[in-house]
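The values are calculated or read from the model by the stated rules, or taken from the named source; none is laboratory data. Treat the numbers as computed from the prediction; the structure is a model and nothing was measured. Here the Cβ positions follow ideal geometry from the backbone for every residue, glycine too, while neighbour counts run over all protein chains shown. Ligands, DNA and RNA are stripped out before the accessible areas are found, and what is left, the full protein with its side chains, is counted by its heavy atoms. Shrake-Rupley method; radii C 1.70, N 1.55, O 1.52, S 1.80 Å.
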Amino acid sequence: MPAALLTSALLVAGCGLFETDASPGATGPPGTGSAVGHDAADLTGTVPDVDPSILPQESLAPMPPARLADGLVPPTNRWFSGLVLGDEPLPVFPVPLAFGVTGGGFAFGLPDVQVTEQSILGPFVPQVGVDVGASSVVVTAYDTASVTLDLLDGAGSVLGTVTLVEGSPVLRYTAATDQTATLTVAFAEANGAVSAEAGGREYVLVGADDALSGGGRSLDLAEGDSVAWFPVPDDAPDGAVATLAEAAAHPVTGTTLAYGVADDSVTTAITYETGGDAPGSGTAVVRLPHQRESDGATCGLGTYATVRGTVDVCTASTLAWASPAVEPAGALDLSGLGEDARTELAQQVRADASALEPRPSDTYFGGKALARDANLLALAEQLGLDDVAAPLRTDLAAALREWADPAGCAERDARCFVYDPEVRSVVGRTPSFGSDELNDHHFHYGYFLYAAGVVTADDPALAADLAPVLDLLAADVASGAGDEDFPALRVFDAYAGHSWASGYAPFADGNNQESASEAVSAWNGLALWAQASGDATLEAQARWLLSAEAASARAYWTDFDRDDPAIDGFGHTVTSLVWGGKRDWATWFSAEPSAMLGILVLPMQPVAGYLAGDPERIRANLDEALAGPRDDPASWDVMFGDQLLMYAALAGPDDAAAALDVARTLPDERVDDGSTRSYLLAWLLVHATA
């Protein structure tokens with residue numbers, strides 16, 4: 001995307017910094033200036049006009065111990081959640097570094113990526129350790145991409161502060177008292193830099209001046225002194241170390257976020273604030289694979305191997321990048337179908353409508369069932385089946401009203417929501433997959449928002465009735481700006497470009513996300529709900545989230561560069577589980593090959609066309625997932641068989657036609673509980689005639 005378009009597309013987020021036209025396709029407000037060095041606030045959109053007090057106030061599960069300063073909303077679903085929440089602080093992965101708390105301080109390192117047939121591994125292995133005699137830690141601030149961590153002595157007094165920054169190869173420590181910090185490796189001056197070999201890599205120490213003592217293993221620091229470390233990049237050209245040392249000397253004090261929405265692309269921009277003392281080139285950053293179409297960064301300083309792939313080392317004040325725009329969609333377009341196809345489909349819709357299974361009462365399967373029936377309704381209405389559509393619409397409206405009853409949980413134990421004032425979240429009374437521990441909320445609530453968006457698209461009265469609770473679900477996972485009720489963008493990591501699914505991340509490999517496709521579908525649902533409820537600002541934000549998540553889903557889950565030397569030796573075409581510190585060909589629920597791909601494509605909503613574009617990669621992914629050759633109908637008799645057939649159709653009309661032949665006789669048990677054979681056939685008929 002040209003820099004000029006990046007600039008014009010930028011919607012600067014903030015508290016009244018600019019008046020913005022948030023309608024779809026808006027090119028941004030006048031006067032925002034360049035995408036490089038713009039004045040963006042750490043908010044996307046505005047604080048939603050919602051009222052959690054309308055729900056019962058209840059904690060369904062206790063929040064774990066939190067190392068968090070008073071007044072901060074618990075940072076669930078973040079890359080650093082495991083550092084803050086839980087009995088002990090766990091390692092975290094502010095790419096490219098890994099960081100962990102130790103007995104007297106902290107340690108960090110650049111993970112040495114190891115690749116196996118099944119996994120791309122980059123665990124936390126301490127390479128440089130710093131002991132200041134700390135007894136505990138507490139997070140005192142966090143924003144879009146940075147975390148401030150205080151180290152405390154036994155009396156609770158602050159010894160010093162560590163700043164962790166996503167995308168920064170620099171780790172900074174600032175002393176709060178006069179002290180001597182003990183290092184696990186000896187640093188010495190050589191070739192104009194103070195450095196040490198650690199973990200097979202050279203680390204540069206910046207800001208030590210005359211502070212080194214004890215053979216290079218001690219730092220004598222006065223109150224307010226800061227030091228910083230960074231690993232020397234691979235293939236660093238002459239002058240790169242000096243450039244990075246100069247950038248590292250100017251500490252990042254925080255980060256801010258802006259986003260833009262245009263017709264053909266969306267823009268994400270993260271500004272690394274340095275207190276106004278940074279050189280014109282900015283601070284040190286790394287550019288991830290999905291950020292290669294970026295603006296504002298000066299690269300060519302070398303690379304690092306990470307579990308995400310090879311990353312470029314750059315300097316920047318603002319890192320801005322574009323992602324292809326994905327259009328929200330709530331219905332398949334049947335207008336191109338012939339009479340025979342419409343007749344076949346109408347017969348199947350009638351059969352499915354008469355045999356719908358009861359909707360479950362938890363938020364995951366219950367939400368999927370609502371979305372299933374909303375898709376069936378859309379088909380019935382397009383086919384003119386009024387006798388099917390009318391009762392289905394009435395039933396869906398009643399079901400949505402039941403879920404959206406603010407007092408529902410005061411009367412029953414299912415199909416209702418409460419607000420947990422301790423962890424600041426809306427939680428379904430009947431939990432599933434750890435939703436009471438804030439796992440997977442965007443997956444669950446995305447289905448509700450999708451169903452509501454479809455059903456209320458032409459029913460503003462129903463939308464108004466549902467809005468008090470549906471807007472709370474939207475705020476829970478995607479509040480544009482944080483306040484005391486909800487954090488800003490609870491699940492979405494703007495730098496990584498995708499969401500995190502675990503609420504508390506009680507894992508040594510950091511947080512994780514499995515079903516990137518359900519994350520995409522969540523933002524599609526958010527956009528449809530915003531359209532139906534007339535919230536243009538939320539719709540613009542949802543379009544940004546949808547497009548950004550779709551780009552990262554392909555970059556790290558389904559369509560990553562298999563020739564990247566950083567992941568050489570990985571034996572599969574997809575990674576079905578992405579962590580902060582690794583990527584796995586594995587799922588939480590099944591070892592079946594079809595599960596590895598199926599969980600990355602379901603629920604194949606009308607928006608799922610974002611998975612198209614590389615027919616040969618689609619076929620290669622399927623060849624690995626299926627039980628046999630693609631031209632053998634028996635090969636599709638696997639878990640998620642219907643989802644894989646719909647995915648196959650994205651390879652082209654001939655593939656869709658072949659899949660259609662299989663779909664007509666696919667065993668009933670292979671039709672996902674969030675879909676119907678009607679929808680399966682409709683998808684394939686549409687794509688076979690495209």
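Strictly greater than 25 Å: what percent of every Cα pair in the stretch 57-204 meets that? Walk me through the intermediate numbers first.
On the way: 3568 of 10878 pairs.
So the pairs more than 25 Å apart make up 33 percent of the total in the stretch 57-204.
Against the 2.2 N^0.38 Å scaling, with N counting residues, where does the stretch 107-146 land? I'd like the Cα-based Rg ratio to two decimal places.
Working: Rg = 14.9 Å, N = 40, 2.2 N^0.38 = 8.9 Å.
Dividing the Cα Rg of the stretch 107-146 by 2.2 N^0.38 Å gives 1.67.
Quick one: check the C-alpha center-to-center distance for the stretch 375-435 versus the stretch 484-556, whole angstrom.
The two parts, judged by their Cα centres, are 21 Å apart.
Treating the angle as unsigned and between 0 and 90°, give the value, to the nearest 10°, between the Cα long axis of helix 677-688 and the longest Cα principal axis of the chain.
Relative to the chain, helix 677-688 is tipped by roughly 80 degrees.
Hey, what angle do you get for helix 460-478 against the long axis of the chain, alpha-carbon based, 0 to 90 degrees rounded to 10?
For helix 460-478, the angle is close to 30 degrees.
Filter the GluC sites (Glu not before Pro) in the stretch 220-301 to those in DSSP coil with at most 13 other Cβ atoms within 10 Å of their Cβ, and list the result.
Working: sites: Glu223, Glu246, Glu273, Glu293; in loops: Glu223, Glu293.
When the GluC sites (Glu not before Pro) of the stretch 220-301 are filtered for loop state and at most 13 Cβ neighbours within 10 Å, Glu223 remain.
Report the convex hull volume per residue for the stretch 310-401, counting only C-alpha atoms, in Å³.
Working: hull volume 19.2 nm³, N = 92.
Here the figure is 208 Å³ per residue.
With a sphere of radius 12 Å drawn around the Cβ of Pro96, what net charge do the other residues whose Cβ falls strictly inside it have (Lys, Arg +1; Asp, Glu -1)? Display every interim value, and only then the final one.
On the way: positive: Arg201, Arg287, Arg308; negative: Asp112, Glu166, Asp234, Asp312.
Local charge sum for Pro96: -1.
For the charge dipole of the chain, defined by +1 on Lys and Arg C-beta atoms and -1 on Asp and Glu C-beta atoms about the Cα centroid, which residue among His441, Ala467, Ser675 has the Cα displaced farthest towards the positive pole?
Ser675
Can you run the Rg to Rh ratio on the stretch 250-313? Use alpha carbon positions and the Kirkwood inverse-distance Rh.
Details: Rg = 13.2 Å, Rh = 13.3 Å.
Here the Rg-to-Rh quotient is 0.99.
What is the P(r) of the stretch 520-585, as percent of Cα-Cα pairs per 10 Å bin from 0?
Each 10 Å bin holds this share of Cα pairs: 21, 37, 22, 16, 4.
I'm a student and want to see the number: the projected area of the Cα convex hull of the stretch 69-116, averaged over all directions, in nm². Provide the component values of the computation, followed by the final result.
On the way: hull surface 19.4 nm².
For the stretch 69-116, the mean projected area of the Cα convex hull comes to 4.8 nm².
If packing is taken as the average number of other Cβ atoms within 10 Å across a peptide's residues, how do 370-377, 357-364 rank, most packed first? Before the final figure, lay out each step's value.
Numbers: 370-377: 24.9, 357-364: 17.6.
My ranking of the peptides, most packed first, is 370-377, 357-364.
Based on the Cβ-Cβ distance of Glu197 and Ser135, what FRET efficiency does E = 1/(1 + (r/R0)^6) give at R0 = 30 Å, to the nearest 0.05?
After rounding, the FRET efficiency stands at 0.50.
Take the alpha carbon gyration tensor of the stretch 208-354, find the square roots of its eigenvalues, order them as a ≥ b ≥ c, and report rounded if a/c is under 1.5; if not, report prolate when a/b exceeds b/c, else oblate.
On the way: a/c = 3.29, a/b = 3.17, b/c = 1.04.
Prolate is the answer for the stretch 208-354, as a/c is 1.5 or above and a/b outweighs b/c.
Rg to Rh for the chain: what is it, with Cα atoms only and Rh by Kirkwood?
Numbers: Rg = 25.6 Å, Rh = 26.0 Å.
We get a ratio of 0.99 for the chain.
If a/c stays under 1.5 just call it rounded; otherwise compare a/b with b/c (prolate if a/b is bigger, oblate if not). Do that for the stretch 135-269, with a ≥ b ≥ c from the square roots of the Cα gyration tensor eigenvalues.
oblate
Go ahead and run the numbers for FRET between Ala657 and Trp588, Cβ-Cβ distance against an R0 of 25 Å, rounding to 0.05. Intermediate values should be presented prior to the final figure.
Values: r = 34 Å, r/R0 = 1.38.
Computed FRET efficiency for Ala657 and Trp588: 0.15.
What trypsin sites (Lys or Arg not before Pro) in the stretch 384-472 are in a loop by DSSP, with at most 15 other Cβ atoms within 10 Å of the Cβ?
Numbers: sites: Arg393, Arg401, Arg412, Arg415, Arg424, Arg429; in loops: Arg412, Arg415, Arg424, Arg429.
Here the sparse-neighbourhood loop sites are Arg412.
Using 19 Å as the cut-off for backbone N distance, which residues of the stretch 393-411 belong to the label zone defined by a point 7 Å from the Cα of Leu356 along Cα→Cβ?
Counting backbone N atoms under 19 Å from the label point, the list is 393-405.
So what is the relative contact order of the chain, in percent, for Cα pairs below 8 Å that sit 6 or more residues apart? The partial results should precede the final answer.
Numbers: 1678 pairs, mean separation 108.9, N = 690.
Reported as a whole number, the value is 16 percent.
Please list the three semi-axes, largest first and in whole Å, of the ellipsoid equivalent to the stretch 555-690, using sqrt of 5 times the eigenvalues of its alpha carbon gyration tensor. Please report the intermediate quantities before stating the final value.
On the way: eigenvalues 122, 50, 36 Å².
Square roots of five times the eigenvalues give 25, 16, 13 Å.
For every helix of n ≥ 4 consecutive DSSP H residues, a contribution of -39,500 (n - 2.57) applies; sum these over the chain, divide by its total residues, and give [θ] at 222 nm rounded to the nearest 500 deg cm²/dmol. Spell out each step's value before the answer.
Numbers: 16 runs with 195 residues, N = 690.
About -9000 deg cm²/dmol.
Run through all the Cα pairs of the stretch 138-208 and give the fraction in each 10 Å bin from 0, expressed as whole percent.
For the stretch 138-208, the binned pair fractions read 17, 39, 35, 9, 0 percent.
Could you give the alpha-carbon Rg of the stretch 408-567 over 2.2 N^0.38 Å, rounded to two decimals? Working shown, then result.
Values: Rg = 16.2 Å, N = 160, 2.2 N^0.38 = 15.1 Å.
In units of the 2.2 N^0.38 Å rule of thumb, it is 1.07.
For the chain, what is the accessible area per residue in Å² when the probe is 1.4 Å? Numbers along the way, then the final one.
On the way: 23300 Å² over 690 residues.
That works out to 34 Å² per residue.
Given the Cα-Cα distance of Asp112 and Ala222 and 0.36 nm per residue of separation, how much length would full extension add, in nm?
Values: separation 110, 0.36 × 110 = 39.60 nm, distance 3.36 nm.
Full-extension gain reported as 36.2 nm.
What does the charge add up to near Gly82, with Lys and Arg as +1, Asp and Glu as -1, over the other residues with Cβ less than 12 Å from its Cβ? All intermediate terms of the calculation are to be shown ahead of the outcome.
Numbers: positive: Arg67, Arg78; negative: Asp87, Glu88, Asp509.
Result for the local shell: -1.
Report ³J(HN,Hα) in whole Hz for each residue of the stretch 182-199, in order, from the Karplus equation J = 6.51 cos²θ - 1.76 cosθ + 1.60 where θ = phi - 60°; Gly and Pro get x.
My calculation for the stretch 182-199 gives 9, 9, 7, 10, 8, 9, 8, 7, 7, 6, x, 9, 8, 8, 8, 8, 8, x Hz in order.
Could you give the distance between the Cα centres of the stretch 597-676 and the stretch 105-133, to the whole Å?
38
Roughly what angle does helix 339-353 make with the longest principal axis of the chain, taking Cα atoms, 0 to 90 degrees, to the nearest 10?
80
Would you calculate the convex hull of the Cα atoms in the stretch 126-174 and tell me its volume per residue in Å³?
Values: hull volume 3.8 nm³, N = 49.
Cα-based convex hull of the stretch 126-174, divided per residue, equals 77 Å³.
Highest first, please rank the peptides 337-345, 84-92, 555-563 by the mean number of other Cβ atoms sitting within 10 Å of their residues. Please list the in-between numbers first.
On the way: 337-345: 14.9, 84-92: 20.8, 555-563: 18.4.
Taking the mean over residues of other Cβ atoms within 10 Å, the ranking is 84-92, 555-563, 337-345.
Using only C-alpha positions, report the orientation-averaged shadow area of the convex hull of the stretch 351-392, nm², one decimal. Don't jump to the answer; show the numbers that get you there.
On the way: hull surface 11.2 nm².
Mean projected area for the stretch 351-392: 2.8 nm², to one decimal.
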